[in-house]
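Take a look at the structure below.
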Amino acid sequence: MAYRQFMAASVPIVRTVMPAIRGEASLRDLPGRLSNVARSLRREPLATVRDLRGSYDTLLRRRLPSDLTRGPVAAFAAHAAVGPTLAGGALFAFWQAAYHLFGQWHPRGGAQALTDALLVRLAQLGGRIRCSASVERIEAPADKVTAIVLQGGEAIATRSVLTAIDPQTALLRLLQPPLAGRHGADLAAARRGNVVQSLIHVATDRLPPYPGAREGDWNGLQSYVDRLEDLSSAWAGAEAGRLPDPLPLYAFTTSALDDTLAPPGHHTVYLACPAAPAKVDGGWGACSDRFVETALETVESRAPGFRASIQGVSTWAPEEMEDVERWPGGHPMHLDIALDQLGPLRRTRRLGRHRTPIEGLYISGAGTAPAGGILGTPGRQAAEALLEDR
Ligand SMILES: Cc1cc2nc3c(=O)[nH]c(=O)nc-3n(C[C@H](O)[C@H](O)[C@H](O)COP(=O)(O)OP(=O)(O)OC[C@H]3O[C@@H](n4cnc5c(N)ncnc54)[C@H](O)[C@@H]3O)c2cc1C
């Protein structure tokens with residue numbers, strides 16, 4: 001009942017925020033949007049505003065009496081890389097209603113299928129792509145882009161560059177000369193905490209055998225976060241470089257919905273810890289085995305027989321993400337998601353519309369407005385800005 005009421009209260013908030021996430025709203029609309037939320041929640045407008053400004057730890061303790069619902073909602077909110085005690089983080093718990101409204105999406109064939117589809121579209125439009133071409137410098141003498149220089153020294157003359165990497169790396173390291181002055185200092189001050197995700201892919205010959213599971217139970221997130229406090233203390237520990245114990249963990253078993261992911265009679269189990277330290281005491285090399293063991297045991301304790309179904313295990317630790325994905329600090333959102341680093345303030349107000357003080361240079365990607373994730377909005381907005389300026 002409490003969960004149902006919480007979701008009913010969350011729907012108008014999700015509907016109000018959605019245009020901003022799609023990049024169809026501006027900061028000027030904000031007061032109007034907030035009053036829409038307050039109007040649609042006539043009974044408790046002030047409490048709603050207070051809730052939105054608060055953390056989801058506080059919100060969930062107030063709204064949901066049982067850890068049976070608090071734990072999974074918190075696990076999902078943490079999936080957005082937002083800490084439980086962060087002011088303004090409550091929005092990500094309200095976001096739970098979005099899963100009821102729009103469902104959860106997975107590209108058939110896995111995440112790579114989305115990239116492949118975009119490549120096909122680009123080719124259809126006459127675009128060309130070069131892979132494995134690492135950009136070493138963006139040349140912009142006199143505050144105007146003139147060229148990019150690849151690793152190995154090849155220079156490509158251009159009037160426009162649109163980056164899709166961490167904005168600090170793009171503007172403070174690759175850009176020559178680097179962004180200076182107030183805007184450079186603002187960007188350098190953007191925060192990136194130590195709490196990120198760590199991942200384990202497990203190949204199995206059956207879905208996790210939860211006792212009493214019904215058909216459809218494998219379609220969404222399977223949370224192993226038993227108590228909200230476990231997540232909050234894990235987050236604080238990870239920020240300080242400690243591996244969480246108990247381990248906040250959840251699973252997705254997308255092969256239950258997508259038969260292209262595994263051979264017949266086999267499955268994929270995606271185990272993610274949303275509160276893993278990027279830099280861990282002793283280094284990931286030393287604690288990776290312990291992390292995997294704890295994660296597999298966590299699933300086994302809920303689904304006896306899981307370990308016997310395992311065909312293979314592959315880990316994806318933050319240090320590997322830092323190397324392979326080139327995510328500073330292993331951070332998939334490039335910069336922390338926080339009230340002062342979101343929407344048109346991501347990051348910074350001057351850079352929030354994807355233009356930079358350098359003529360011809362535009363930024364997009366997870367560290368830019370409106371937020372990180374597989375959104376498409378930052379890239380679309382940056383491309384629109386570039387086309388408008390041309
Ligand atoms: C375990 C996990 C689960 C997640 N789940 C979800 C989810 O369910 N939903 C969701 O929306 N988000 C999810 N995310 C977050 C999401 O993956 C990221 O926010 C997203 O991939 C960021 O995309 P991007 O294109 O902005 O940047 P990136 O993915 O960082 O892409 C930038 C690319 O640029 C390349 N690059 C970097 N530097 C250079 C250079 N100098 N020259 C050339 N190329 C360079 C990098 O190699 C990289 O390929 C998850 C993240 C993790 C770690």
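Numbers below:
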| item | result |
| --- | --- |
| Region 144-186, residues that are acidic (Asp, Glu) and surrounded by 15 or more Cβ atoms within 10 Å (Cβ to Cβ) | Asp166, Asp186 |
| Near pairs, Cβ below 6 angstrom, 6+ apart or cross-chain, from region 187-200 (within 19 Å of Glu325 (Cβ to Cβ)) to any residue that is among the polar types (S, T, N, Q) and in a strand (DSSP E or B) | Ile200/Thr315 |
| Criterion violated by Thr85 - all others in (1) more than 30 Å from Val195 (Cβ to Cβ); (2) touching an Asp or Glu at 6+ places or on another chain (Cβ under 8 Å); (3) not small (Gly, Ala, Ser) satisfied | (1) |
| Selection count where residues are farther than 18 Å from Gly237 by Cα and outside any loop (DSSP other than H, G, I, E, B), scope region 78-92 | 2 |
| Long-range neighbours under 9 Å by Cβ, at least six apart or interchain, first residue farther than 17 Å from Ala366 by Cα within region 316-329, second of a type in the set (Lys, Arg) and more than 7 Å from the ligand (Cβ to nearest atom) | Glu319/Lys279 |
| Any hit, region 103-121, residues being at pLDDT below 90 and either surrounded by fewer than 12 Cβ atoms within 10 Å (Cβ to Cβ) or more than 12 Å from the ligand (Cβ to nearest atom) (or both) | yes |
| Entirely in region 143-208, the strands (runs of 3 or more DSSP E) that have 3 or more residues that are under 30 Å from Glu297 (Cα atoms), within 16 Å of the ligand (Cβ to nearest atom) and modelled with pLDDT of 95 or more | 195-204 |
| Every residue from region 362-389 that is more than 7 Å from the ligand (Cβ to nearest atom), surrounded by fewer than 19 Cβ atoms within 10 Å (Cβ to Cβ) and under 13 Å from the mean Cα position of the chain (by Cα) | Gly376 |
| Hits in region 209-242 - residues which are in contact with a Gly (Cβ under 8 Å, 6 or more places away or on another chain), among the acidic types (Asp, Glu) and in a loop (DSSP other than H, G, I, E, B) | Asp226 |
| Condition met for Phe76 (within 16 Å of the ligand (Cβ to nearest atom), touching a residue at least 40 places away in the same chain (Cβ under 8 Å), within 22 Å of Gly372 (Cβ to Cβ) and crowded, with 20+ Cβ neighbours inside 10 Å) | yes |
| Extreme residue, nearest to the ligand (Cβ to nearest atom), among residues of region 349-361 that are assigned to a strand (DSSP E or B) and surrounded by fewer than 22 Cβ atoms within 10 Å (Cβ to Cβ) | Arg355 |
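So that you can scan it fast, the table gives a plain yes or no per residue for (1) surrounded by 20 or more Cβ atoms within 10 Å (Cβ to Cβ); (2) in a helix (DSSP H, G or I); (3) modelled with pLDDT under 80; (4) among the charged types (D, E, K, R):
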position	(1), (2), (3), (4)
Met7	no, yes, no, no
Val11	no, yes, no, no
Val14	yes, yes, no, no
Val17	yes, yes, no, no
Ala25	no, no, yes, no
Arg39	no, yes, yes, yes
Ala47	no, yes, yes, no
Thr58	no, yes, no, no
Arg62	no, yes, no, yes
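The values are calculated or read from the model by the stated rules, or taken from the named source; none is laboratory data. Predicted model only: the values in this text are computed from it and were never measured. Note: ideal-geometry Cβ built from the backbone for every residue, glycine included; neighbour counts use all protein chains shown.
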